[in-house]
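Right, one structure below, let's go through it.
The values are calculated or read from the model by the stated rules, or taken from the named source; none is laboratory data. Nothing here was measured: the structure is a model prediction, and the numbers come from that model. Ideal geometry is used to build each Cβ from the backbone, glycine not excepted, and the neighbour counts take in all protein chains shown.
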Amino acid sequence: MRLLGVEFRDYARFDRCFVPLDTGIRLLVGKNNSGKTSLLRALSALTALPFGKPAAFSTEVARYARKQVPLPNYEMEIVFAYEESDSDFLGADLGGWPKFAAASKRTWAFSFKVYPQSSSIVLVDASLQCDATALPIIEVGPNNYVRLFYDSRGAIAKRQGRAFESAGPQLSDGTLVRTFSEEDIFSEFPDLMSTRFVHAHRVVRPNLGLQALETLADTAESLAPFLDTALSNNRETFDKIQKVVTDIFPEFKFVNPEKAQNSVSITLTRRDTNEKVPLTHCGTGVEQVLALATFVLASGPGTIILLDEPHSYLHPTAERQVVDFLFSHTEHRYVISTHSAILINSVPPDRILVLGKSNTIGAPSSESSSVPTLLHSLGYKNSDLLFNDRLIFVEGESDQDILPLLLLCNPLLSRPDLEKTGFPVMDGEGRLRGRDQQTSLMYWEKFLIQLGKQSSPRVYLFDGDCALEDQKLLGKTKAFEAGSAALLRFLGMHEIENYLLVPEAIASAMEELANFQGENLKDANSEAVGKKLSEILCLKENRKLYPQGPPNDPNREVKGSVALQMLLANYGLRYEKRKVGRLIATKITDKNQPLLSEIWKLFPRDFLNYK
């Protein structure tokens, strides 16, 4: 058996939600109130599975249960992949049973009911799923349970009754709570029960009574007595915790549990002065790193650590170091709720569970398993796609800077709406053509699929110099089939910089640049700039200005960025495509550039939510 994950039903905002738990780091990403913390809470209930010695979990989970009568409860199904060695659990190799042999997906499914108010979990049934066909493995009765064994043709060969390990309470709705022995079919569950929830609000109490403490509270409030106990009983672990803190914050050299008058607190020793500084005076980031390091290093190997917003209060540099720390401790599995772009960009897209508007989130497909690793290796950033309601894919970084400013010139578009729009950059800065453009587009489409964002409204915007045959080729891409949320659009000009060829805006931008550089410009008023720009546009044989040959309409067919470079050079100013282009764009208005309306018309009214 190989653990795949846990599916919750009728829980919080979800009709059904599958959380992968196979290996490594898994991220839960979504807006506030999307269900991230509720899922971490649900996973914390794994400690109470009815095997070995179940542990209690927080009764806070009860409020997330949709079914409240007669008792708060929800369903949980734990799913494992079937492996060849698992045939012993069945009694025979089912290779001779056609449905088993033909099945594309074989999984073990263990269904439970969770009763949070009593920290009780009840096994309902267990089966082997072969696509749509289920073979029951367990039948649970009031006094014992029955194991079912099969022959090679998928017929029941034997039924074997077995006693419960122990009897628990009878719940007020009549449900009996029973604990099962850790036999073959249940051998994976004790490890799964080693789960640790870490609260988002981690605040260390400045002073607590002196006591031996082996378990750290999920809020980290008991960190002082816990570290004091670790210093006495497990010095190796304490030293590792101290090293994490001093590596990330090198201004400190020691972490000190301080005892005084039957209480204990924490100080840190400064490296330069040897002064001991109370943890309360060291900054919240130090407190957070100390708590996180303790949770990770004090947990036994194989623990599933549930981290709620571990990046809180951390500087980006410290965030990256915490990420490196987590990646270096592969003895654990992690499920992390986060809004941090640093964390989100640190993992391949298939490690992220996106919690959007849907109330149903199924198990991810195993197809194209190499795609997420490839995309991650190529530098695609998950945050480019996850933080926005809609996306406009542009050809280059200058488009990414300039287009939002030109869209904001539309009086019907509000800034908050635009702030919910992402502008990911396709490859090539306008240099890609034909098949290469289509390949770049398809990479982004596969990226969206991996992140579960294929229903996001989006526009792929290409420059106006795209050849007609290339436009036709791009139009045939599967992404733009009927019913898709993707749209294909082309600028009406050679490139976005053509819309910046406004003498008034250019003159204003040049004046600011010259003042910043301490230079005096001569003849840099709007009229003079307009005259020089006209002279440049008349150079119709210049192939840098007009890559496609002498123009019929210079203003549209000129390479706008080259025209701006030549214009600024006339005034002794250096043209930087992104920086200067953005500066000029801040001077553009719908009054001095009436052609902006053709940009606005590229996007449907409901796409950008015009007033």
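Details
- Residue match in region 437-446 (condition: in contact with a Gly (Cβ under 7 Å, 6 or more places away or on another chain), under 30 Å from Pro551 (Cα atoms) and without any contact (Cβ under 8 Å) to a residue 24 or more places away in the chain): yes
- Restricting Asp125, Asp88 to residues that are in a helix (DSSP H, G or I), surrounded by fewer than 18 Cβ atoms within 10 Å (Cβ to Cβ) and either of a type in the set (Asp, Glu) or in contact with a helix residue (DSSP H, G or I) (Cβ under 6 Å, 6 or more places away or on another chain) (or both) narrows the list to Asp88.
- Close pairs from region 497-515: first in the same structural domain as Arg578 (by TED's automatic domain parsing) and surrounded by fewer than 19 Cβ atoms within 10 Å (Cβ to Cβ), partner among the polar types (S, T, N, Q) and in a helix (DSSP H, G or I), Cβ under 7 Å, at least 6 apart: Glu504/Ser526
- Given (1) modelled with pLDDT of 90 or more; (2) under 20 Å from Gly302 (Cβ atoms); (3) surrounded by fewer than 23 Cβ atoms within 10 Å (Cβ to Cβ), number of the condition Asp15 does not satisfy: (2)
- Contact annotation: residue pairs with Cβ atoms under 7 Å, 6 or more positions apart or on different chains, pairing a residue in region 82-94 that is over 9 Å from Met1 (Cα atoms) with a partner that is buried (at least 18 other Cβ atoms within 10 Å of the Cβ) and among the aromatic types (Phe, Trp, Tyr), are Leu90/Tyr150; Gly91/Tyr150; Ala92/Tyr150; Leu94/Phe100; Leu94/Tyr150.
- Pick from region 228-255, criterion of a type in the set (Phe, Trp, Tyr) and closer than 27 Å to Pro301 by Cα, ranking: nearest to the chain's Cα centre (by Cα): Phe249
- Of the residues making up region 161-191, those that are out of contact with any Phe, Trp or Tyr (no Cβ under 7 Å at 6 or more places or on another chain) and either under 30 Å from Pro98 (Cβ atoms) or part of a strand (DSSP E or B) (or both) are Gly161, Ala163, Ser166, Ala167, Gly168, Pro169, Gln170, Leu176, Val177, Glu183, Ser187.
- So Pro206, is it within 30 Å of Ala260 (Cα to Cα) and either at pLDDT below 90 or not small (Gly, Ala, Ser) (or both): yes
- In region 394-421, residue surrounded by the fewest Cβ atoms within 10 Å (Cβ to Cβ) [restricted to those that are hydrophobic (A, V, I, L, M, F, W, C) and outside any helix (DSSP H, G or I)]: Leu412
- Filtering region 329-354 to residues that are over 18 Å from His311 (Cα atoms) and surrounded by 22 or more Cβ atoms within 10 Å (Cβ to Cβ) leaves only Pro349.
- Selection count where residues are free of Cβ contacts under 8 Å to residues at least 40 places away in the same chain and under 41 Å from the mean Cα position of the chain (by Cα), scope region 125-146: 11
- Test: residue in region 64-73 that is over 26 Å from the mean Cα position of the chain (by Cα), in a helix (DSSP H, G or I) and β-branched (Val, Ile, Thr): no
- Checking region 192-208 against the condition returns a match, with at least one residue being assigned to a helix (DSSP H, G or I) and more than 21 Å from Gly285 (Cα to Cα).
- Positions within region 466-477 being part of a helix (DSSP H, G or I) and within 18 Å of Ile392 (Cα to Cα), in sequence order: Gln471, Leu474, Gly475
- Annotation: Arg390 fulfils all but one of (1) under 24 Å from the mean Cα position of the chain (by Cα); (2) surrounded by 20 or more Cβ atoms within 10 Å (Cβ to Cβ); (3) of a type in the set (D, E, K, R); (4) modelled with pLDDT of 90 or more; the unmet one is (2).
- Residue among Ser328, Ser358 that is outside the structural domain of Met76 (by TED's automatic domain parsing), over 15 Å from the mean Cα position of the chain (by Cα), within 26 Å of Glu7 (Cα to Cα) and without any contact (Cβ under 8 Å) to a residue 24 or more places away in the chain: Ser358
- The number of residues in region 32-56 that are part of a loop (DSSP other than H, G, I, E, B) and under 19 Å from Phe186 (Cβ atoms) comes to 6.
- Residues within region 478-510 that are part of a helix (DSSP H, G or I) and within 20 Å of Gln593 (Cα to Cα), tallied: 13
- Pairs where the first residue, in region 338-352, is free of Cβ contacts under 8 Å to residues at least 40 places away in the same chain and the second is of a type in the set (Asp, Glu), C-beta under 6 Å, 6+ apart: Ile342/Glu319
- If you go through region 139-160 and keep only what is more than 16 Å from Trp97 (Cα to Cα) and part of a strand (DSSP E or B), you end up with Glu139, Val140, Asn144, Tyr145, Val146, Arg147, Leu148, Lys158, Arg159, Gln160.
- Whether a residue is at pLDDT 85 or above and either surrounded by fewer than 17 Cβ atoms within 10 Å (Cβ to Cβ) or at negative phi (or both) was assessed, and Pro364 does not pass this test.
- Of everything in region 60-81 that is of a type in the set (A, V, I, L, M, F, W, C) and in contact (Cβ under 8 Å) with a residue 60 or more places away in the chain, the residue that is surrounded by the fewest Cβ atoms within 10 Å (Cβ to Cβ) is Ala81.
- Hey, Thr195 of a type in the set (Val, Ile, Thr), outside the structural domain of Ala92 (by TED's automatic domain parsing) and in contact (Cβ under 8 Å) with a residue 24 or more places away in the chain or not: yes
To keep it simple, each residue is scored yes or no on (1) under 22 Å from Ala45 (Cα atoms); (2) surrounded by 19 or more Cβ atoms within 10 Å (Cβ to Cβ); (3) touching a Lys or Arg at 6+ places or on another chain (Cβ under 7 Å); (4) of a type in the set (Lys, Arg).
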{"position": "Ala167", "(1), (2), (3), (4)": "yes, no, yes, no"}
{"position": "Ser181", "(1), (2), (3), (4)": "yes, no, no, no"}
{"position": "Asp191", "(1), (2), (3), (4)": "yes, no, no, no"}
{"position": "Thr195", "(1), (2), (3), (4)": "yes, yes, no, no"}
{"position": "Val198", "(1), (2), (3), (4)": "yes, yes, no, no"}
{"position": "Pro206", "(1), (2), (3), (4)": "no, no, no, no"}
